[in-house]
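Below is one structure, written out as structure tokens, with a few remarks after it.
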Amino acid sequence: MCGWQNFYSTENVTDDVDWLQGKGSDALGNDAPDVDHEGNSEGKFLYIDGSSGAYGTAILESQLLVPEQHNDFCFSFWYYMEGDVEGLSISSIVARGNETVLWEESTPTGGIWIEGQARVEAKIFIFEDVAYQLYIRGTRNSLSSKIALDDFKFEHEAYCPRKPAVPDIWSCNFKDDVCGMKNVEGFTGTWDRNNTLGQIPGVPDTWYITMHGEGYAAIETPMIESSSSPCCFTFYYYLNGAKGGALSVIPRYDVDDLGEALWTQGRPQGDQWIQAHVDITMLSPVSVVFEGLKGVNQDSVIAVDEIAVFGLSCNVLQPTVIPGQELMCDFEDSLCDFTIEDDRGTWEWIYPRQPNLTFPHADRDHTYNTGFVSSLFLIEGHYLAAPLWNGRDGIVGRVVTPEFQLERTDPQCITFWYLHNGQSLRDTLEVYVRHGLDMFPPAAWKENANHGFTWMLANIPIPTGNSHFNVLWQATQRQRDQDGVMALDDVELVLSACPKIGTCNFEYGTCGWQNLYNTENVTDDIDWIQGKGSDAMHNEAPAADHTGDSDGKFLYVDATTNVYGIATIESQLLVPEQHNEYCFKLWYYLEGSSVGVRITSLVASGRQTTLWEENTTTDGQWMLGQVKVEAKIFIFEDIAYQLLVSGLRNSNDSIIALDDFVFKYEGNCPRLPPTSSTTPQPVGNLWYCNFDENACDLEITGDAKWLKTDGVEPSEDGRAALPLLEPPSGKKCLTFWYFLKGGNMGELSLIIVKDGSEEALWTRGRPLGSWYLAAIDVPVDGDTEIVFVGFRGQNSEAIIALDEIMLASADCSVVHPTVSPGDALCDFEHPDICGYTITGVIGNWEWVFPRADNYSVPHVPVDHTYNTGYGHYMEAPLLPDQEGIVGFLSTPDIPVLEDATQCAIFWYVHNGNSNKDVLSVFISSSPDMGYPLWKEKASYIDHWLDASVPVPRDVGQMYRIYWQATQNLREEHGSMCIDDVMVILEPCGNIGTCDFSKSMCGWQNIITGDNRTDATDFILGSGDTVIDMAGPPTDHTGDPTGMYIYTDTSFGDTGEALLESQMFVPEQHNKLCFHFWYYIKGDNTDHIRIEIQPQDFSIHEIWRHSGQDDQWHEGQVHVHAEEFVIIPIPYQLFIAGMKGSPYAVIALDDFNFTQANASNCPTVPGRPPPTTPTPGGQNVSCDFTNGQCGWTNKETNSIDWRYDG
């Protein structure tokens, strides 16, 4: 059945009978047609089984489809229906149970096969890249009925009309005439037939109607007969030209009864026909009016074609992209479950010509760009407005989205349109992204510039992995003499990276760039002003912008207050997932003494990193500046950051100005202007090749071949060696462009070979998807070979390519200056291993790279830094017949900064025996390392995993981080590895949080010697992998392949499994909300409990729940370390799964830790409420969780109550 299967009933969906595969003669109950759709009596097809005398619904389900491969396709098939049938339907379903009908038919086919066809567009029913299925339902209402299917085809066709075509109630294609439509009298414009525009795809003729003349024009259909069923009104429209006007659709039920506008559009759509469809009520005869309004652009075009009315709802006839409320809101019909929080004022839901609006407001919304009154009907769009009233000061109010619950690992972006008609630099519109219970996040975006009544677009990136968050808009006003307004429209969650953040020409606003709000970390003295040269009152701005336009706007440092000092503008928050490596271009103007411009990065802790600085006057000219922004240089985890652009003005004659900021993703981004120390020298190239004509004498060797425009074959390497060159004097720099694309694509390395030994100078193994420039200092001595080595992985579609190879007689810092990360990062790529110390015991840590052939133990095939075999890392070999501590790896001394929070982050591999070999981390200021803050006992073979360890504040002025590798007796080799160690001045994020999809995230089973004992373990598994039903059939989302942890008591054993967290430190993890999912199938002897234990102190139970039904349930508990930890020492959480009955099932899934107060983190399930005495003093309250509380059956009962605890 090609992956199609009969449906297995779930809690959400059930069916009654099955589909059978066979030919007509196979049907035992006369429940199938005699032949397949080609008339072949031996041809097989699917039919609904009637052999058992049953009838009802049969569901056929496809295999899982992924949107990347099955996003938009045409599904064609043949179907047969005879007798009393309810019908046949095709629908989509996603994991959460949301189902969307894509096609349905209920009319018997009259004893013949009929072709069916439906367009499947994944974006209609899912808003993220998650897998989905198709369901085909057939329902027989009697034993004599028949339903059959044949010949399924999925094809990527641009034209995919529904089959069978739905007969229309009324239609017009304007090929021969206007089908009885008439121009409505009393208008200055008219509608007429024409055929000069481009053809609509799939439509055989080019005729349509278009509006002519100025002002309004309206054309009306004849009266269309009534229908009791839902009807769909469809048409194609064409709107092209700036300020072209608007088009609206209005129903008329009798001469004087105009309904509300069904549809309106006032934005130009470009040179294209667009299909629209809208449901229309037709309980009585109706005509439909198309009303056009010509804008000031008389060359614009408004046209309509292919009008039709069908007797089906639009969602069945042609499903459309209907964004869910959590993804888009245009405020036209409702607030989309957004909430409004009042403060000194409120946000109001308005339309522009709403009566009794006493505050200034925009005369049109953004969605439809309509705010005019037609002679037929009031046509206006809606938006949210926050009035700014005279005499008021403070927060006006807030608008809050519903909580988004999207499981995303790809970029996300909130886009919205706003209007700010307030006082510049005083009134502020701010946007916050609240994650979980983080109630007071920093502003992700803010705007304090007055733009009048112009709608402006803003974008806010959402960090990946934030599956629970909402967005809040806050309007704040200051004392004022006149009224104003802020407004919001068209909020949308875009499932891609935000476009053009940071880019701005400063003509119509500052694009999210704002004058700095002084904080404890960053301050300035004066402000930047947006304006043109003639706006400057004290000659503190250039006469024209950088293009020479005297009316062009830019930014300049304010001099009106006669204050000198620093003016700083700050970007909105940028997230590394979307803004990690890009080219920042700007134009700057410096005139006078002691002036300068500087670009710095800023993270939440207040740490700044200077990226670019200029203090040389530009001699009355605008100069182009450019700097490459690489987030990995100044942050070492995925946290948001900002850019600051500061200008220093120290005299009356100083002029400092900025213009045209551009953020662009370019591989080549040299610093501009070049610094004096990095000015390229006028030297010739030693060797150059652009591959336009040939391979330039590269020596090609290896199992795979480098070919012009081609890469290498899977699992083979290919080498391309430069010719040997005579040694020149001075340093030599090899530059080249490289292109790596495709998952599991392999690696590219640059090595040097001399006297038979190889050394890697550069290596990359992660796909990038575009061309990047590299520059490496290389030896040229007449004996050393310079070789490119490409190794293709298993992805045959991957690309590894080189271009523009140049060897120059110059230092690479001159040819291509770069910024290197500071000492906070160690990637172990250099032999000095960053000053780390190794101390051997029964073995030792070793500095390795996988391609070396002199290692006695199996090791990870790639490092973490570059994901290649030429990258380096630290490895502790685990050898047979040894037992004990292998060795220690320790950092140099790291200073403790006063009042600074620190977190150690590293990547590791544990290729040992689970629960026997242990990798531990200690942080200490003395050789007595104390208690481990982190340990890992589970083997993950060759997978690099990340870990975070919070640094306690009581470690002294200096501390070291120690990694201890310990092995048990073994018969085989193994290893433990460390790479990419970082110490950041931020709290450790997400400690304890785990979805168990890849690992246990630092949670460990207790083993002998851990001061606590248990009888069994928690095991990582899924419904597909558990043995003897020891675990639930699915994870908590209903996915049978989803991973969770369960107690390993597969064969009827009993006992307790005890899980321990890594160490938490109270300074970073004091008040936590621990949310999780749990599963207990058993009786009251089976339970899960959670305990907190300070280091070497007593144990305190904080949550417990006993056996119940076989369902997943939510759990939650507040973890307040200060209740149990008198002094700030590390503590752990323990989770016990107690199996008291032989065949109980205990499982856990999706741990999530967030910062929260107890009031925001209620215990779930709730604890029993306190009992309340009755007036007689006796307590009779009981929730029957732990017994009957003294309640008993009366002896006189004829039937008793039975306790089922």
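The values are calculated or read from the model by the stated rules, or taken from the named source; none is laboratory data. Not measured: the values here are computed from a predicted model. With ideal geometry, Cβ positions are generated from the backbone for all residues, glycine too; neighbour counts draw on all protein chains shown. These accessible areas exclude ligands, DNA and RNA; they are computed on the full protein's heavy atoms, side chains included. Shrake-Rupley method; radii C 1.70, N 1.55, O 1.52, S 1.80 Å.
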Query raised in the report: Among (1) part of a loop (DSSP other than H, G, I, E, B); (2) open to solvent by 20 Å² or more (accessible area, probe 1.4 Å); (3) modelled with pLDDT of 80 or more, which single condition is P952 missing?
Result: (2)
Requested in this report: Examine the range 139-150 for a residue that is acidic (D, E) and either surrounded by fewer than 16 Cβ atoms within 10 Å (Cβ to Cβ) or over 30 Å from V66 (Cα atoms) (or both), and state whether such a residue exists.
Outcome: no
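So is I1019 at pLDDT below 85, open to solvent by 40 Å² or more (accessible area, probe 1.4 Å) and not in a loop (DSSP other than H, G, I, E, B) or not?
Yes.
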Requested in this report: For T196, work out the one condition from (1) touching a residue at least 12 places away in the same chain (Cβ under 8 Å); (2) among the hydroxyl-bearing types (S, T, Y); (3) over 23 Å from H382 (Cβ atoms) it doesn't fulfil.
Outcome: (1)
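Condition first: among the small types (G, A, S) and either open to solvent by 40 Å² or more (accessible area, probe 1.4 Å) or at pLDDT 90 or above (or both). Now tell me which residues in the range 831-859 satisfy that.
Across the range 831-859, the qualifying residues are G835, G840, G843, S856.
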Requested in this report: Determine the pairs where a residue that is charged (D, E, K, R), located within the range 952-975, has a partner that is in a strand (DSSP E or B) and open to solvent by less than 70 Å² (accessible area, probe 1.4 Å) with Cβ atoms under 9 Å apart, the partner being 6 or more residues away or on another chain.
Outcome: R960/T837; R960/S890; R960/I894; R960/F922; R960/I923; R960/S924; R970/L878; E972/L878
Query raised in the report: Scanning the range 336-345 for residues that are under 19 Å from V485 (Cα atoms) and either open to solvent by less than 40 Å² (accessible area, probe 1.4 Å) or not β-branched (V, I, T) (or both), which turns out nearest to the chain's Cα centre (by Cα)?
Result: E341
Report task. Find the residue count for the range 157-186, including only residues that are at pLDDT 90 or above and hydroxyl-bearing (S, T, Y). Result -> 1
Query raised in the report: Condition test on L457, is it at pLDDT 75 or above, under 22 Å from the mean Cα position of the chain (by Cα) and open to solvent by 60 Å² or more (accessible area, probe 1.4 Å)?
Result: yes
Query raised in the report: Does V249 fit the bill of being closer than 25 Å to R364 by Cα and touching a Cys at 6+ places or on another chain (Cβ under 7 Å)?
Result: no
Query raised in the report: Any idea which residue in the range 517-535 is modelled with the lowest pLDDT, counting only those that are of a type in the set (A, V, I, L, M) and open to solvent by less than 20 Å² (accessible area, probe 1.4 Å)?
Result: V522
Report summary line: How many residues of the range 1076-1108 are open to solvent by 40 Å² or more (accessible area, probe 1.4 Å) and part of a strand (DSSP E or B)? The answer is 7
Query raised in the report: Within the range 68-112, which strands (runs of 3 or more DSSP E) (wholly inside it) include 3 or more residues that are open to solvent by 40 Å² or more (accessible area, probe 1.4 Å)?
Result: 72-82, 99-105
Query raised in the report: Looking at (1) modelled with pLDDT of 85 or more; (2) more than 23 Å from W455 (Cβ to Cβ), can you tell me which one E430 breaks?
Result: (2)
Query raised in the report: Is there a residue in the range 587-602 that is farther than 14 Å from L516 by Cβ, among the aliphatic types (A, V, I, L, M) and part of a loop (DSSP other than H, G, I, E, B)?
Result: yes
**Report entry** the range 1178-1205 residues that are farther than 25 Å from G1082 by Cα, paired with ones that are modelled with pLDDT of 70 or more and of a type in the set (K, R) (beta carbon under 9 Å, 6 or more apart)
**Finding:** N1193/R1202
Report task. Give me a count of the residues in the range 45-99 that are of a type in the set (D, E, K, R) and over 30 Å from D1035 (Cα atoms). Result -> 4
Query raised in the report: Taking the condition surrounded by 12 or more Cβ atoms within 10 Å (Cβ to Cβ), modelled with pLDDT of 80 or more, assigned to a loop (DSSP other than H, G, I, E, B) and among the hydroxyl-bearing types (S, T, Y), does S1141 pass?
Result: yes
Report summary line: If we ask which residues in the range 218-255 are open to solvent by 50 Å² or more (accessible area, probe 1.4 Å), touching a residue at least 40 places away in the same chain (Cβ under 8 Å) and among the charged types (D, E, K, R), their number turns out to be 2
Report task. List every residue pair whose Cβ atoms lie under 6 Å apart, where the two residues are 6 or more positions apart in sequence or sit on different chains, the first residue falls within the range 642-671 and is over 19 Å from C504 (Cα atoms), and the second residue, located anywhere, is hydroxyl-bearing (S, T, Y). Result -> R649/Y564; N650/Y564; N650/S594; S651/S593; G667/Y772
Query - Yes/no for E747 being surrounded by fewer than 16 Cβ atoms within 10 Å (Cβ to Cβ) and either at pLDDT below 80 or in a strand (DSSP E or B) (or both) - result: no
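Checking the condition open to solvent by less than 70 Å² (accessible area, probe 1.4 Å), of a type in the set (D, E) and modelled with pLDDT of 85 or more, which residue from E291, E332, E326 passes?
Values: E332 fails: modelled with pLDDT of 85 or more; E326 fails: modelled with pLDDT of 85 or more.
Selected residue: E291, the only one of E291, E332, E326 that is open to solvent by less than 70 Å² (accessible area, probe 1.4 Å), of a type in the set (D, E) and modelled with pLDDT of 85 or more.
Looking at V278, V286, which is the one that is among the aliphatic types (A, V, I, L, M) and in contact (Cβ under 8 Å) with a residue 60 or more places away in the chain?
V286
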Requested in this report: Would you check which residues across the range 163-188 are under 27 Å from S76 (Cα atoms), assigned to a loop (DSSP other than H, G, I, E, B) and open to solvent by less than 70 Å² (accessible area, probe 1.4 Å) and list them?
Outcome: P164, V166, N173
Query raised in the report: Taking into account only those residues within the range 555-579 that are open to solvent by 30 Å² or more (accessible area, probe 1.4 Å) and not charged (D, E, K, R), which is nearest to I529 (Cα to Cα)?
Result: T560
Report summary line: Subset of the range 876-896, residues more than 30 Å from G956 (Cβ to Cβ), surrounded by 16 or more Cβ atoms within 10 Å (Cβ to Cβ) and in contact with a strand residue (DSSP E or B) (Cβ under 7 Å, 6 or more places away or on another chain), comes to P877, L878
Requested in this report: Answer yes or no: is there a residue in the range 638-646 that is modelled with pLDDT of 80 or more and part of a loop (DSSP other than H, G, I, E, B).
Outcome: no
